[in-house]
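Everything below concerns the one structure shown next.
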């Protein structure tokens, strides 16, 4: 992984959230061009800013770097909702998932 991965991942997550670079920059408390400067390769976020970006997307740094999960925000929401179900409900959903995977 390199800076290109970080730039691309921020773009990917931002697009999934359906938010503009400008809006994200302002939401994070920066100038309107902050995110553009990151995704264009002109800058990289500091570690503190990176953690704020993860928080903004409601994901952990581990989820940010996990290439096996295309949409970590959605996966986290689904996992949270699954935890509210009883065992029989979870087993039913699991059977549906197995059927979809086939």
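The values are calculated or read from the model by the stated rules, or taken from the named source; none is laboratory data. Computed from a predicted structure; not experimentally measured. Virtual Cβ from ideal backbone geometry, glycine too; neighbours counted across all protein chains shown.
Tabulated data for the structure shown
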quantity	calculated
Filter result (part of a helix (DSSP H, G or I) and at positive phi) within region 1-30	none
Which listed residue is within 27 Å of residue 9 (Cα to Cα), free of Cβ contacts under 8 Å to residues at least 12 places away in the same chain and in a helix (DSSP H, G or I), from 62, 98, 42	62
Residues that are touching a helix residue (DSSP H, G or I) at 6+ places or on another chain (Cβ under 7 Å) and without any contact (Cβ under 8 Å) to a residue 24 or more places away in the chain, drawn from region 15-34	21, 25, 31, 32, 33, 34
Among (1) exposed (fewer than 11 other Cβ atoms within 10 Å of the Cβ); (2) touching a helix residue (DSSP H, G or I) at 6+ places or on another chain (Cβ under 9 Å); (3) outside any loop (DSSP other than H, G, I, E, B), the one test that residue 88 misses	(2)
Hits in region 70-85 (condition: without any contact (Cβ under 8 Å) to a residue 24 or more places away in the chain and either surrounded by 14 or more Cβ atoms within 10 Å (Cβ to Cβ) or more than 30 Å from residue 1 (Cα to Cα) (or both))	75, 76, 81, 82, 83, 84, 85
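Residue-wise test of (1) outside any loop (DSSP other than H, G, I, E, B); (2) at pLDDT below 95.
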residue	(1), (2)
32	no, no
55	yes, no
73	yes, yes
79	yes, yes
